[in-house]
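FYI, it's all coordinate maths here, none of it is from the lab. This structure is a prediction, so every number in the text was calculated from the model and none was measured. No Cβ is skipped: glycine too gets one built from the backbone with ideal geometry, and neighbour counts run over all protein chains shown.
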2 protein chains.
Amino acid sequence: MTELSNFKDKITIAGAGPVGAMLAIILSRANHLVDVYESRPDPRAHNAQQGRSINITLSERAWAALEIIGLDKQVRQFATPLYKRVFHSKNGHLSEHSYGKKNQAIWSISREKLTEILLNQAEQEAQVNLHFEQRLTHIDFTTACTSFSYLKAGRKGHKEVDADYVFAADGAFSKVRRLAQETPRFSYSQRYMEQSYIELTIATNVDGSPKLSPNASHIWPRKDFLLIALPNNDGSFTCTLYLNYQGETSFSSLTTQKTVQDFFHHNFSDVISLLENPVTEFLKKTPNPLFLVNVDPWVINNKVALIGDAAHAMLPFYGHGLNSSFEDCHVIAELIQRHNDDWIKILPAYYLQRKDNTNAISKLSNDYFFDISHFDTDNDELLSQKIADKFALKSPELWPSLDHMISLSRDISYAKAREISLEQKKIMTEIMNIKDIHLCWQEDDIYQKIKKMALMRLLPLLK
Amino acid sequence: MTELSNFKDKITIAGAGPVGAMLAIILSRANHLVDVYESRPDPRAHNAQQGRSINITLSERAWAALEIIGLDKQVRQFATPLYKRVFHSKNGHLSEHSYGKKNQAIWSISREKLTEILLNQAEQEAQVNLHFEQRLTHIDFTTACTSFSYLKAGRKGHKEVDADYVFAADGAFSKVRRLAQETPRFSYSQRYMEQSYIELTIATNVDGSPKLSPNASHIWPRKDFLLIALPNNDGSFTCTLYLNYQGETSFSSLTTQKTVQDFFHHNFSDVISLLENPVTEFLKKTPNPLFLVNVDPWVINNKVALIGDAAHAMLPFYGHGLNSSFEDCHVIAELIQRHNDDWIKILPAYYLQRKDNTNAISKLSNDYFFDISHFDTDNDELLSQKIADKFALKSPELWPSLDHMISLSRDISYAKAREISLEQKKIMTEIMNIKDIHLCWQEDDIYQKIKKMALMRLLPLLK
């Protein structure tokens with residue numbers, strides 16, 4: 001509902017996904033007048049239950065952002081805590097890895113539900129107006145004036161919208177960003193990965209019980225491809241199969257009932273009986289591409305700013321696309337207070353503060369795909385992990401895990417987390433080069449060696 | 001002129017620059033029906049003499065392509081041979097470096113003149129139609145059907161064009177490429193450099209004689225910025241000043257008569273008196289951005305192919321943007337013959353053959369900016385160059401210069417040239433690490449050391 005009170009600035013937001021909605025709430029409470037435009041229909045008006053829900057995971061960064069708008073409790077009611085990753089090896093062996101301490105978790109929630117909660121709240125804000133099915137057609141990057149087209153009673157309409165500022169929260173395929181490519185000195189890249197993905201389902205048992213341990217994420221690492229399952233609230237799991245789009249074993253080469261069946265039997269024999277018609281679904285579904293986006297700058301003429309996936313769409317393997325986007329919003333909220341609504345200061349500071357951090361989490365997400373798909377219960381990596389875990393158990397203050405830094409911490413920036421993680425990897429490489437490390441890794445001498453290196457090389461970063 | 005004879009395929013070319021024109025001639029002579037669409041007016045109808053001409057340099061790769069369409073002799077009449085680079089140090093010291101042997105040259109020509117010759121020839125081809133002032137608005141990447149808008153008697157017209165294939169020769173800001181960004185799995189990047197550039201002029205003396213030695217390119221390397229002068233046919237020089245767009249010494253910071261004057265006096269005292277109103281021109285002109293483009297793939301649905309700057313716009317410092325684009329055309333001509341007009345084979349082979357090579361010359365162009373702007377007559381680099389030159393003089397077959405490979409050779413691919421050049425750099429780094437190399441570099445021992453490395457590491461690449 002709009003009340004035209006004494007608002008400060010008039011702000012247009014492109015995109016009414018979770019990021020656009022959260023930003024609208026933040027800006028409205030900072031007493032700006034906010035109009036949110038979305039090309040698609042209102043998702044709440046549709047039966048979102050028809051399709052299987054896409055699950056996303058919320059880390060502490062997301063909770064911190066949800067807290068400042070007071071929605072954390074409501075969201076948590078619909079979220080499932082995940083305490084660990086469970087790796088499923090080809091021969092059915094399970095290897096469990098906690099995300100953190102006993103009660104620490106990341107949380108799985110359906111994207112639809114989260115969006116619904118945020119949109120409902122945005123709509124209740126005094127100075128937010130939501131406009132669905134209005135397609136951005138033009139943007140003047142010097143005046144922040146935008147144009148939208150829409151259908152009304154079957155006829156095409158067109159309107160122009162004045163504003164002081166525009167935020168582009170219109171996602172990985174951002175139209176604002178596409179138009180910005182023609183502004184001067186706008187560097188941009190979109191890079192597609194060899195892998196694509198489809199979604200598969202693991203239903204509950206007949207009695208409604210889950211077929212896999214329900215408070216965990218499940219991973220089937222198979223080097224060149226990967227299956228991940230995240231639990232839904234009802235005990236079912238939404239699975240994502242990542243596989244090359246082209247090549248010897250790929251979505252393009254596996255096109256018959258027989259070859260797809262062989263593919264599952266050979267690589268996923270332990271899970272094939274749990275999946276709902278995997279062969280039929282595989283053959284029926286169009287694989288979705290994976291890509292990442294890099295943009296420089298995010299702020300144009302200090303009038304238009306990119307936020308969320310529009311600014312930094314990344315690979316989904318770490319589950320931090322939305323977490324980093326919510327953190328973008330959180331930072332905007334803080335900067336508005338710090339700079340007393342002075343956008344000349346807020347927008348450059350926002351870009352400066354976020355760019356290195358989202359670069360870092362984007363790079364971590366790239367590396368993580370390799371790490372988890374190559375996870376092997378028999379090889380050195382596991383020993384190196386064991387040694388690190390052992391050290392971390394004795395000296396947790398010197399050896400935070402990457403999960404801890406990325407997902408369970410609110411204070412360590414992504415950039416800092418990556419820096420620390422890279423240094424930890426270097427230290428572990430040196431440790432693994434020690435002669436007969438397989439035999440001597442439990443000795444105190446090794447612990448002392450790691451401690452010395454950690455004190456010298458990690459502690460300065462952790463301060 | 002069109003004669004609707006028994007043509008093989010109907011091909012649309014977007015862009016009537018030198019690349020579009022050359023490609024049209026090649027395709028027409030392979031008996032295809034070619035329509036070339038250009039959004040701008042016919043450049044031949046305008047007084048191209050009004051503005052200062054932009055000069056481009058033609059290497060052997062360009063001559064090879066011009067020969068197959070029989071235009072080399074005509075073009076050479078309007079081109080000026082450049083036999084050497086002349087580096088001008090801050091204190092006025094000159095350092096001359098030949099491109100090759102005595103009579104080997106690269107050639108400078110005005111872009112307008114070259115385009116004019118190619119367009120005149122294209123127009124005379126049996127199966128080429130040129131269409132100016134027709135703006136591409138849409139392209140169907142599965143059918144190769146394109147749409148164009150145009151003005152006729154002040155009214156906006158619109159037409160659809162069917163074809164079997166589309167070539168996008170529409171340059172660094174390619175509209176086809178922009179539209180292609182929405183096709184699946186199209187990776188794309190445009191990266192802007194910190195530097196921008198403006199053009200300045202050195203007129204002839206009153207008697208018409210040139211103010212600098214006329215058969216050379218002239219370079220004023222100043223680390224963070226750079227001035228380059230290329231001769232025109234009339235004895236004048238077109239100069240390009242490359243300078244950061246923002247920062248301490250930049251186009252953005254130098255905004256007053258006084259600061260610009262100081263800038264020239266401090267950095268270009270030896271050339272300021274030769275330039276035509278450099279301070280006024282500097283303050284008047286809008287700096288042009290520099291950027292490079294990377295695209296993957298260049299061929300979409302085997303229906304639409306990018307060529308020239310549309311596929312691989314690169315930095316201009318090596319002067320190989322157009323040379324590599326003409327080589328693209330040359331390769332198309334060869335592949336048409338080799339594969340008997342089978343486009344299913346031609347287009348993938350074209351992409352495969354050109355991608356690594358244009359990547360290589362693009363990377364060489366990036367490096368070259370650093371190399372020439374940091375060229376210093378007093379430092380190690382010059383000694384290392386001296387040692388390499390001395391070796392090359394005695395064993396030219398083992399040590400081709402980069403200029404020779406890139407600009408004076410037709411047989412060494414860009415990718416191979418870069419590989420050899422990188423290995424040469426590694427060898428020279430090892431040589432420069434020899435103790436007291438400044439004292440002993442002329443000794444036979446050093447020659448033998450280089451020879452041994454060249455035989456082992458360069459000869460296999462040169463075969």
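Dividing the mean sequence gap of close Cα pairs (under 8 Å, 6+ apart) by how many residues chain B holds gives a relative contact order of 17 percent. The protection proxy used here, the mean number of other Cβ atoms lying within 10 Å of each residue, ranks peptides A:273-281, B:87-95 as follows, highest first: A:273-281, B:87-95. Both radii are taken from the alpha-carbon atoms of chain B; with Rh as the Kirkwood radius, Rg/Rh is 0.99. Would you give the gap between the C-alpha center of segment B:112-189 and the C-alpha center of segment B:342-416, rounded to a whole Å? If you average the Cα positions of each part, the centres end up 33 Å apart. Which of the lysines could a cross-linker bridge to A:Lys156, judged by Cα under 20 Å and excluding same-chain residues fewer than eight apart? Of all the lysines, those that pass the test against A:Lys156 - Cα under 20 Å, at least 8 places apart if same chain - are A:Lys175. From zero outward in steps of 5 Å, how is the percent of C-alpha pairs of segment B:380-462 spread across the bins? Bin by bin from 0 Å, the calculated values are 3, 15, 28, 26, 16, 8, 3, 1. According to the calculation over all Cα-Cα pairs in the protein assembly as shown, the P(r) per 10 Å bin from zero is 2, 10, 16, 20, 21, 17, 10, 4, 0, 0, 0 %. Please state the shape class of segment A:282-428: rounded when a/c is under 1.5, otherwise prolate if a/b exceeds b/c and oblate if not, all from the C-alpha gyration tensor. Oblate, because a/c is 1.5 or more while a/b does not exceed b/c.
Return the average number of partner chain Cβ atoms within 10 angstrom of each residue Cβ along peptide B:180-190. Walk me through the numbers before you get to the answer.
Details: counts 0, 5, 2, 0, 8, 10, 4, 7, 6, 6, 6.
Average per residue, whole number: 5.
Membrane-span-like helices in chain B, defined purely by DSSP H runs whose alpha carbon atoms cover 18 Å or more axially and whose average Kyte-Doolittle hydropathy reaches -1.0, are B:111-124, B:321-338, B:343-373, B:380-394, B:414-432.
In chain B, the beta carbon lying closest to the axis that superposes B onto A belongs to the residue given here with its whole-angstrom distance, B:Ser189, 2. The spacing between segment A:196-249 and segment B:190-259, judged by their C-alpha centroids, is 60 Å. Remark: spin-label model distance B:Asp262-B:Asp411 equals 5.7 nm, labels positioned 7 Å along the Cα→Cβ axis. May I ask which residue of B:Ala417, B:Tyr447, B:Gln385 lies farthest towards the positive end of the charge dipole of segment B:338-463, with charges of +1 (Lys, Arg) and -1 (Asp, Glu) on Cβ and the Cα centre as origin? Farthest along the dipole direction, towards plus: B:Ala417. Ranked by the mean number of other Cβ atoms within 10 Å per residue, highest first, peptides A:249-257, A:15-23, B:344-352, A:103-111 order as A:15-23, A:103-111, B:344-352, A:249-257. With its label point put 7 Å out from Cα toward Cβ, A:Pro396 sits 7.3 nm from the same residue's point in the other copies, in order from shortest. Of the residues B:His138, B:Leu114, B:Ala163, the one whose Cα sits farthest toward the positive end of the charge dipole of segment B:106-163, with +1 on the Cβ of Lys and Arg and -1 on the Cβ of Asp and Glu, is B:His138.
Think of it as helices only: each DSSP H run of n ≥ 4 in chain A is worth -39500 (n - 2.57), and spread over all residues that comes to -11000 deg cm²/dmol at 222 nm. Between identical copies, the spacing of B:Lys8 label points, each set 7 Å from Cα toward the C-beta atom, reads 6.7 nm from nearest to farthest.
Only lysine pairs 8 or more places apart, or on different chains, with alpha-carbon atoms under 16 angstrom apart are counted in segment B:380-462, and they number 21.
May I ask what percent, to the nearest 5, of DSSP beta bridges between residues of the protein assembly as shown are antiparallel? Provide the component values of the computation, followed by the final result.
Numbers: 115 of 155 bridges.
Around 75 percent of the beta bridges assigned by DSSP in the protein assembly as shown are antiparallel ones.
Label-point spacing for A:Thr183 across the identical copies (point 7 Å from Cα in the Cβ direction), in nm and ascending order: 2.9.
Peptide A:290-301 shows a mean partner chain C-beta count of 1 within 10 Å per residue C-beta.
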